[in-house]
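Engineer: The structure under discussion is supplied below as structure tokens; questions concerning it will follow.
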Amino acid sequence: MYAQMVQSTGKGVKTRAEMTEEEARFQDRIDAGEKIEPRDWMPEGYRKTLIRQIGQHAHSEIVGQLPEGNWITRAPTLERKAILLAKVQDEAGHGLYLYCAAETLGVSRDELTQDLLSGRMKYSSIFNYPTLTWADMGAVGWLVDGAAIMNQVPLQRTSYGPYSRAMIRICKEESFHQRQGYDIMMKMAKGTPEQKRMAQDALNRFWYPSLMMFGPSDADSVHSAQSMAWKIKINTNDELRQKFVDQTVPQAELLGLTIPDPELKWNEARGHHDFSQPDWSEFFAVIQGDGPCNSERMEARRKAWDDGAWVREGLMAHAAKKAARKVAAE
Ligand code: 3HC
């Protein structure tokens with residue numbers, strides 16, 4: 001259903017017989033585990049899907065600041081405020097690394113931003129859910145950053161050099177993000193009955209949207225086959241989702257909280273937890289703009305773009321003046 005709607009560069013992976021000589025040589029490099037660098041020859045489809053994935057990844061980091069930024073002025077202590085400020089600031093830096101990586105593919109940050117604001121590009125579905133209580137800051141750090149780490153650690157080995165190096169830098173900071181979230185959940189789950197109720201409520205609301213972060217099921221993933229062949233993606237969506245569930249269940253048990261899935265149980269034969277799939281119709285509705293906070297998030301990004309116009313114009317004027325002085329001096 002959705003596959004037909006997506007203009008994908010990844011439909012059907014070419015067989016060796018269908019590849020041109022250049023494509024075959026490129027695939028040999030990928031298969032040998034070589035890193036592809038900006039000046040190297042690459043298939044146009046490889047470049048396009050990297051711009052798509054890295055650009056959306058960068059947008060996710062920037063939009064991801066909004067749900068947490070909502071609680072900076074309302075953090076319960078000065079220490080919690082400082083920790084949350086540091087985390088939100090890190091996310092801005094992650095967006096910067098990723099926009100820089102995308103620019104090496106010949107696209108500008110302004111173009112990527114216009115693609116976001118026009119709806120041509122996405123950001124992670126998870127950021128279209130509201131953060132209603134302080135416990136949500138715990139659930140976001142624990143579950144959302146936990147899922148992001150699960151997805152980003154393998155991306156350190158992605159075939160495109162600048163993306164891989166950006167991921168290595170980002171992953172160094174993500175574990176702090178997850179730990180501070182889990183620490184909030186621990187304090188609240190072991191706190192008063194009302195605090196434990198808030199922590200359980202946050203887990204109830206963020207569990208399934210966190211599973212959706214890994215993308216649609218492998219059967220519905222239009223890009224996975226090609227992205228895996230080009231080692232842009234190292235694992236499938238379902239593989240990482242399963243790893244995330246297996247890792248998170250014991251963490252929830254330690255908190256004394258219940259994951260809101262009656263089907264969740266350890267399957268000895270599989271060596272994994274069986275679990276319920278998210279509501280994929282909700283997922284597709286959210287990524288097509290119909291989530292609880294989509295319009296609020298896009299409004300905030302449009303306002304930031306408009307409010308920043310004078311800064312961009314000033315910097316461009318300064319750069320033009322400097323260039324003109326340089327030419328005049330030659
Ligand atoms: N949210 C929004 N769109 C999603 C999505 C999600 N959770 N999962 C999939 N999609 C979109 C895809 O972008 C694609 O649409 P498009 O063709 O318009 O781009 C479509 O659904 C089909 O999905 P596919 O599985 O075929 O797409 P991918 O192969 O790109 O897989 C992905 C999706 C697993 C998210 C992959 O793009 C990826 O690994 N991206 C890099 C990591 C990333 O972007 N993480 C986002 C969170 S970053 C974050 O959380 C910050 C942290 O600090 C909190």
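Engineer: For residues that are farther than 20 Å from Leu105 by Cβ, assigned to a loop (DSSP other than H, G, I, E, B) and among the basic types (Lys, Arg), tally how many sit in the range 14-47.
Structural biologist: Total satisfying the criteria: 1.
Engineer: Among the residues in the range 160-170, are any within 11 Å of the ligand (Cβ to nearest atom), modelled with pLDDT of 95 or more, of a type outside the set (D, E, K, R) and not in a helix (DSSP H, G or I)?
Structural biologist: Looking for residues that are within 11 Å of the ligand (Cβ to nearest atom), modelled with pLDDT of 95 or more, of a type outside the set (D, E, K, R) and not in a helix (DSSP H, G or I), one finds none in the range 160-170, hence no.
Engineer: Are there any pairs, at least 6 apart or on different chains, whose C-beta atoms fall under 6 Å, with the first in the range 207-224 and within 6 Å of the ligand (Cβ to nearest atom) and the second among the hydrophobic types (A, V, I, L, M, F, W, C), and if so, which?
Structural biologist: Met212/Phe283; Met213/Ile126; Met213/Ala147; Phe214/Leu240; Val222/Ala3; Val222/Val6
Engineer: Further question: Cβ-Cβ distance below 6 Å, separation of 6 or more or different chains: which pairs start in the range 258-286 with a residue that is within 16 Å of the ligand (Cβ to nearest atom) and end on one that is modelled with pLDDT of 95 or more?
Structural biologist: Every condition considered, the pairs that remain are Pro278/Tyr208; Pro278/Leu211; Pro278/Met212; Phe283/Met212; Val286/Ser125; Val286/Asn128.
Engineer: Also, quick follow-up: Out of (1) surrounded by fewer than 21 Cβ atoms within 10 Å (Cβ to Cβ); (2) over 21 Å from Asp238 (Cα atoms); (3) over 16 Å from the mean Cα position of the chain (by Cα); (4) within 14 Å of the ligand (Cβ to nearest atom), the odd one out for Asp183 is which?
Structural biologist: Just one mismatch for Asp183, condition (4).
Engineer: Kindly provide the set of residues from the range 124-136 that are assigned to a helix (DSSP H, G or I), among the aliphatic types (A, V, I, L, M) and under 23 Å from Asp279 (Cα atoms), ordered by number.
Structural biologist: Correct list: Ile126 only.
Engineer: So, in the range 226-243, how many residues would count as being part of a helix (DSSP H, G or I) and either modelled with pLDDT under 95 or within 9 Å of the ligand (Cβ to nearest atom) (or both)?
Structural biologist: Residues that pass the stated criteria total 5.
Engineer: If you scan the range 105-118, which residues turn out to be farther than 13 Å from Arg52 by Cα and part of a loop (DSSP other than H, G, I, E, B)?
Structural biologist: Ser118
Engineer: May I ask you to say which residue of Lys87, Lys81 is out of contact with any strand residue (DSSP E or B) (no Cβ under 8 Å at 6 or more places or on another chain), buried (at least 20 other Cβ atoms within 10 Å of the Cβ) and under 28 Å from Lys187 (Cα atoms)?
Structural biologist: Matching residue, one of Lys87, Lys81: Lys87.
Engineer: Let me ask you something else. Any residue at all in the range 308-326 that is surrounded by fewer than 12 Cβ atoms within 10 Å (Cβ to Cβ), under 30 Å from Ala202 (Cβ atoms), free of Cβ contacts under 8 Å to residues at least 12 places away in the same chain and charged (D, E, K, R)?
Structural biologist: Within the range 308-326 (the criterion being surrounded by fewer than 12 Cβ atoms within 10 Å (Cβ to Cβ), under 30 Å from Ala202 (Cβ atoms), free of Cβ contacts under 8 Å to residues at least 12 places away in the same chain and charged (D, E, K, R)), the answer is no, since none of the residues qualifies.
Engineer: Failed condition for Met121, given (1) of a type in the set (A, V, I, L, M); (2) out of contact with any Gly (no Cβ under 9 Å at 6 or more places or on another chain); (3) within 10 Å of the ligand (Cβ to nearest atom); (4) assigned to a loop (DSSP other than H, G, I, E, B), with all others met?
Structural biologist: Of everything listed in (1) of a type in the set (A, V, I, L, M); (2) out of contact with any Gly (no Cβ under 9 Å at 6 or more places or on another chain); (3) within 10 Å of the ligand (Cβ to nearest atom); (4) assigned to a loop (DSSP other than H, G, I, E, B), Met121 misses just condition (2).
Engineer: Among the residues of the range 6-57, which ones are modelled with pLDDT under 90 and within 9 Å of the ligand (Cβ to nearest atom)?
Structural biologist: Correct list: Val6, Gln7, Ser8, Thr9, Gly10.
Engineer: Could you please find all residues in the range 274-297 being under 18 Å from Leu240 (Cα atoms) and crowded, with 18+ Cβ neighbours inside 10 Å?
Structural biologist: Within the range 274-297, Phe275, Pro278, Phe283 qualify.
Engineer: While we're on this one: Could you check Gly256 against (1) on the phi > 0 side of the Ramachandran plot; (2) surrounded by 13 or more Cβ atoms within 10 Å (Cβ to Cβ) and say which number it fails?
Structural biologist: (2)
Engineer: Taking the stated definitions as given, is Glu91 out of contact with any Cys (no Cβ under 8 Å at 6 or more places or on another chain), near the ligand (Cβ under 9 Å from one of its atoms) and of a type in the set (D, E, K, R)?
Structural biologist: For Glu91, the condition - out of contact with any Cys (no Cβ under 8 Å at 6 or more places or on another chain), near the ligand (Cβ under 9 Å from one of its atoms) and of a type in the set (D, E, K, R) - is met.
Engineer: If you don't mind, there's one more thing I want to ask. Name the residues in the range 149-173 that are of a type in the set (D, E, K, R) and either in contact with an Asp or Glu (Cβ under 6 Å, 6 or more places away or on another chain) or exposed (fewer than 15 other Cβ atoms within 10 Å of the Cβ) (or both), would you?
Structural biologist: Arg157, Arg169, Lys172, Glu173 - these are the residues of the range 149-173 that are of a type in the set (D, E, K, R) and either in contact with an Asp or Glu (Cβ under 6 Å, 6 or more places away or on another chain) or exposed (fewer than 15 other Cβ atoms within 10 Å of the Cβ) (or both).
The values are calculated or read from the model by the stated rules, or taken from the named source; none is laboratory data. In this text, all values refer to a predicted model and were calculated from it rather than measured experimentally. All Cβ positions, glycine included, derive from the backbone under ideal geometry; neighbour counts span all protein chains shown.
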